[in-house]
Amino acid sequence: MTISINVLPGVGAEILGVDIAGGLDSGELETIQQTFSQYGLVFFRDQQMSETDHINLAGRFGDINVNRFFSSHPDYPQIAMVSKEPDQTANIGGGWHTDHSYDHEPALGSILVAKELPASGGDTWFTSMYKAYDSLSDGLKETLEGLSAVHSAKHVFGPQGGYDTGGSAEGRIGNAGATLELEDPIHPVVIKHPLSGRKALYVNAAFTLRFDGWTVEESAPLLAYLYAQAIAEENITRFKWQNGSVAFWDNRAMWHFAQNDYPGQRRVMHRVTIAGCALHPANC
Ligand code: SIN
């Protein structure tokens, strides 16, 4: 097999001609690392991944971050179950977000493996925070460079949060009390990406509360403007899952959005998340 890269319009790249479950040789690993660093989002097709293969693959890129809020696989705690049953109405990740910005050391990224797919629908959309930053005027970039933002998980996973009220994910999320122990982190609004060195916008609609030193009300209009820029059509890739598909995204450079358009059908995905580092000063 010869490894090759197919760059996608919007964002991301498909890596072809590699068996990621089979154990990567050093050349394959380097190609994947370089492509991941350059594009922030890579896809693989036609893979046969066992749970152990999945965990081992993630381990080639860093330590595993065991999710505190999602149900985990009964036999493999490192795997978060991202699933929706036919009788459930809400899905996990059904809004634009980046994972773990509520942590002081946000996760590097996640590897998502399709296990059971609906007959149609259930695509995942991705958008690039590099492109979002690049699209801004020099004046706004300069203003944002001086800002930091407060992020939190409490309003999402905490008591009375969107998930804890039993509405959003209907029991697939738990441990709400754990959010109360989290101190809300402050991250720069523009980061110098630890892998690529490129500048990326680092705020997101799910977990960013406000600019540091600003009120929620003062922050809302500028955040709304940035969020609209971030989802400009030309920044987006819509990934259609097939059996054997795998996505690996960088949480510091991408947002994602799991479409919830398959009522009455089951969708089961396994997610392993790789630990990251503090973004200011970047220490990884
Ligand atoms: C997520 O990790 O937010 C869910 C992604 C998906 O299910 O496609």
Q) How many residues does the stretch 210-233 hold that are surrounded by fewer than 15 Cβ atoms within 10 Å (Cβ to Cβ) and either on the phi > 0 side of the Ramachandran plot or among the charged types (D, E, K, R) (or both)? A) 5
(Q) Can you say whether D250 is within 25 Å of E145 (Cα to Cα), modelled with pLDDT of 95 or more, away from the ligand (no atom under 11 Å from the Cβ) and in contact with a Gly (Cβ under 6 Å, 6 or more places away or on another chain), as far as the supplied structure shows? (A) yes
Q. How many of the residues making up the stretch 106-121 are within 14 Å of the chain's Cα centre (by Cα) and not polar (S, T, N, Q)?
A. 7
Q | Number of the exception - Y102 against (1) assigned to a helix (DSSP H, G or I); (2) buried (at least 17 other Cβ atoms within 10 Å of the Cβ) | A | (1)
Q | G62 vs. criteria more than 16 Å from the ligand (Cβ to nearest atom) and either of a type outside the set (V, I, T) or crowded, with 23+ Cβ neighbours inside 10 Å (or both) | A | yes
Q: For the stretch 84-121, name all the residues that are hydrophobic (A, V, I, L, M, F, W, C) and under 20 Å from A58 (Cβ atoms).
A: I92, A107, L108, I111, L112, V113, A114
Q) Does N67 meet the test of being more than 18 Å from D261 (Cβ to Cβ), out of contact with any Cys (no Cβ under 7 Å at 6 or more places or on another chain) and near the ligand (Cβ under 10 Å from one of its atoms)? A) yes
Q) Among the numbered criteria (1) closer than 28 Å to G121 by Cα; (2) within 16 Å of the ligand (Cβ to nearest atom), which single criterion is violated by Y102? A) (1)
Q) Do we find a residue being touching a His at 6+ places or on another chain (Cβ under 7 Å) and under 22 Å from T89 (Cα atoms) anywhere in the stretch 114-122? A) yes
Q | Criterion (closer than 29 Å to D261 by Cβ and at pLDDT 90 or above) met by exactly one of G94, G167, G59 | A | G94
Q. Would a scan of the stretch 235-249 turn up a residue that is in contact with a helix residue (DSSP H, G or I) (Cβ under 9 Å, 6 or more places away or on another chain), of a type in the set (G, A, S), within 16 Å of A107 (Cα to Cα) and surrounded by 15 or more Cβ atoms within 10 Å (Cβ to Cβ)?
A. no
Q | Near pairs, Cβ below 9 angstrom, 6+ apart or cross-chain, from the stretch 80-93 (among the basic types (K, R)) to any residue that is at pLDDT below 95 and within 8 Å of the ligand (Cβ to nearest atom) | A | K84/N91; K84/I92
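The values are calculated or read from the model by the stated rules, or taken from the named source; none is laboratory data. Note that the structure is predicted; figures quoted are calculated from it, not measured. Every residue, glycine as well, gets a Cβ built from its backbone with ideal geometry; the counts of neighbours run over all protein chains shown.
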